[in-house]
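The values are calculated or read from the model by the stated rules, or taken from the named source; none is laboratory data. Keep in mind it's a predicted model, so treat the numbers as computed, not measured. So basically every Cβ, Gly included, is an ideal-geometry build from the backbone, and we count neighbours across all protein chains shown. Accessible surface areas use protein heavy atoms only, side chains included; no ligands, DNA or RNA. Shrake-Rupley method; radii C 1.70, N 1.55, O 1.52, S 1.80 Å.
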Amino acid sequence: MDESGDSGRPQPGAPGTGPGGAPGDGRPPRRPEPGGGLLMGRPFGVPVYVSPSWFLVAALITWVFGGQLDRVLPELGIARYLVSLFFAVAFYASVLVHELAHTVVALRFKLPVRRIQLQFFGGVSEIEKEAETPGREFMLAFVGPLLSLLLGGIFYLGMQAVEPGTVPGVLLAGLMISNMIVAAFNLLPGLPLDGGRMLRAVVWKITGKPMSGTIAAAWVGRALAVTVLIGLPMLTRTGALGNTPQNVGGMDTVMDALLAAILAAIIWTGAGNSLRVARLREHLPELRARTLTRRAVPVEAATPLSEALRRANEAGARALVVVDGHGAPIALVREAAIAGVPEHRRPWVAVSTLAQDLTDGMKVSAELVGEELLDMMRATPATEYLVVEDTGEIYGVLSAADVERAFVKAMARPRS
């Protein structure tokens, strides 16, 4: 199964092994806090987290597989649950290998990977940038199912070396089947699955438009969600999944319907999120530091606020930059702080008391556009930034609120 997670950066859906999608809510994304569960390690420098939901699924797998072992190997007794727990851990180790395949290829293409997370229905590799070409997109998506197929083959070969009907034989058979299922499910051609990303790459290659590929793969993903919702319970009832129709009913029917509903909801949501994030990426070039920057006037630290505002009004400026005796910028007067000072007190309040000292991260180039602009804002969260020319000359002040408003406005405007 394949999931895309929100890396805090727009993306069409990062590869993973569980259905899902990358959030896109029509606002400039801000990087979420690091974490996402229990840190297990950092292979290739990428942190791997286990979500708390994994423990719920591990317990469910242990219980279900333990029941199956009781029928196949009744002599195990209560020890069957230890064997089942080992199977659950080994299965998610296979999922991790699937994710590491995505990660290694992403790093090979110089695409940063924020983290890998193992969670409820599999895992997700949070790749922070989009592949530059449809060929790379296809390879990045295909490598995960390919590794799952290879693992299935390795477990099949292992089965040939052990006695059937033994604990190793049953474990290897279970791992072989589960990896084949993961590979087959991920190859279904709809977002947010790996197969959906492969379809997106194909349509992108044919049309030359990444957005066209996303739209096609996302709608196929929604069709898959409906198919899962209706088809999975029907397959179970007809015995196509191994049960005879007369043995299907009661709680089994309820559980199958619930599982189908959960899978369908996750796939549908993931497909929709993929569309929203693709639309987000499409509008990123409209965010330009130069066009969003407010004109600013320089004032010295001891200047009364009323006088500073008078100078700004005369100059048609909307921001104040505090400078030292040599004219070098040292702080920005915060808009929210100005609004909090009553008008009758403004002649007695120095601008320095309302200013935030400038850090290196708060000085940005007027040439920043789109994703680079958002990256800068994520790296140094602030309400205002000093925008400078390449020569170091003050260009103005960029407000984070202005960036957000411009982004929401662009998202609301249909593309031609």
Verdict on Arg311 being within 23 Å of Ala400 (Cα to Cα) and surrounded by fewer than 17 Cβ atoms within 10 Å (Cβ to Cβ): no
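So that you can scan it fast, the table gives a plain yes or no per residue for (1) over 24 Å from Leu157 (Cβ atoms); (2) part of a loop (DSSP other than H, G, I, E, B):
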position: Gly169; (1), (2): no, no
position: Leu172; (1), (2): no, no
position: Leu175; (1), (2): no, no
position: Ser178; (1), (2): no, no
position: Ile181; (1), (2): no, no
position: Gly190; (1), (2): yes, yes
position: Arg197; (1), (2): yes, no
position: Lys205; (1), (2): yes, no
Sort out for me the helices (runs of 4 or more DSSP H) sitting completely within the stretch 333-416 that have 3 or more residues that are closer than 18 Å to Leu309 by Cβ and of a type in the set (A, V, I, L, M, F, W, C). 335-339
Could you run through the stretch 150-164 and say how many residues are of a type in the set (A, V, I, L, M), surrounded by fewer than 16 Cβ atoms within 10 Å (Cβ to Cβ) and either under 16 Å from Leu69 (Cα atoms) or more than 33 Å from the chain's Cα centre (by Cα) (or both)? 3
Among the residues of the stretch 202-228, write down those that are polar (S, T, N, Q) and under 21 Å from the mean Cα position of the chain (by Cα). Ser212, Thr214
For the stretch 165-182, name all the residues that are on the phi < 0 side of the Ramachandran plot and surrounded by fewer than 17 Cβ atoms within 10 Å (Cβ to Cβ). Thr166, Pro168, Ile177, Ile181
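One line per residue, one yes/no per condition, for (1) in contact (Cβ under 8 Å) with a residue 12 or more places away in the chain; (2) within 16 Å of Leu172 (Cβ to Cβ); (3) not in a loop (DSSP other than H, G, I, E, B):
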site	(1), (2), (3)
Trp54	yes, no, yes
Val57	yes, no, yes
Leu60	no, no, yes
Trp63	yes, no, yes
Gly67	no, no, yes
Glu75	no, no, yes
Val83	yes, yes, yes
Phe86	yes, yes, yes
Ala90	yes, yes, yes
Is it true that Pro134 is open to solvent by 10 Å² or more (accessible area, probe 1.4 Å), under 30 Å from Arg378 (Cα atoms) and in contact (Cβ under 8 Å) with a residue 40 or more places away in the chain? yes
Would you check if Val48 is within 15 Å of Gly165 (Cα to Cα) and either open to solvent by less than 30 Å² (accessible area, probe 1.4 Å) or among the hydrophobic types (A, V, I, L, M, F, W, C) (or both)? no
Selected residue [modelled with pLDDT of 85 or more, among the hydroxyl-bearing types (Ser, Thr, Tyr) and touching a helix residue (DSSP H, G or I) at 6+ places or on another chain (Cβ under 9 Å)] from Thr391, Thr359, Thr353: Thr353
Ala264 being buried (at least 19 other Cβ atoms within 10 Å of the Cβ), in a helix (DSSP H, G or I) and in contact with a strand residue (DSSP E or B) (Cβ under 6 Å, 6 or more places away or on another chain): no
Considering the stretch 259-292 alone, what residues qualify as being hydrophobic (A, V, I, L, M, F, W, C), over 22 Å from the mean Cα position of the chain (by Cα) and at pLDDT 80 or above? Ala260, Ala261, Ala289, Leu292
In the stretch 187-212, what residues are touching a Gly at 6+ places or on another chain (Cβ under 6 Å) and either closer than 21 Å to Leu96 by Cβ or open to solvent by less than 50 Å² (accessible area, probe 1.4 Å) (or both)? Leu187, Gly190, Leu191, Pro192, Asp194, Gly196, Arg200, Val203, Trp204
Tell me, which residue of the stretch 84-111 that is of a type in the set (Val, Ile, Thr) and surrounded by fewer than 19 Cβ atoms within 10 Å (Cβ to Cβ) is nearest to Gly37 (Cα to Cα)? Val89
Kindly indicate whether Ala366 is in contact (Cβ under 8 Å) with a residue 40 or more places away in the chain, surrounded by 15 or more Cβ atoms within 10 Å (Cβ to Cβ) and touching a helix residue (DSSP H, G or I) at 6+ places or on another chain (Cβ under 6 Å). yes
Can you go through Pro304, Pro329 and tell me which one is out of contact with any Gly (no Cβ under 6 Å at 6 or more places or on another chain) and open to solvent by 40 Å² or more (accessible area, probe 1.4 Å)? Pro304
Ser125 meets each of (1) among the hydroxyl-bearing types (Ser, Thr, Tyr); (2) without any contact (Cβ under 8 Å) to a residue 40 or more places away in the chain; (3) not in a helix (DSSP H, G or I) with one exception, condition (2)
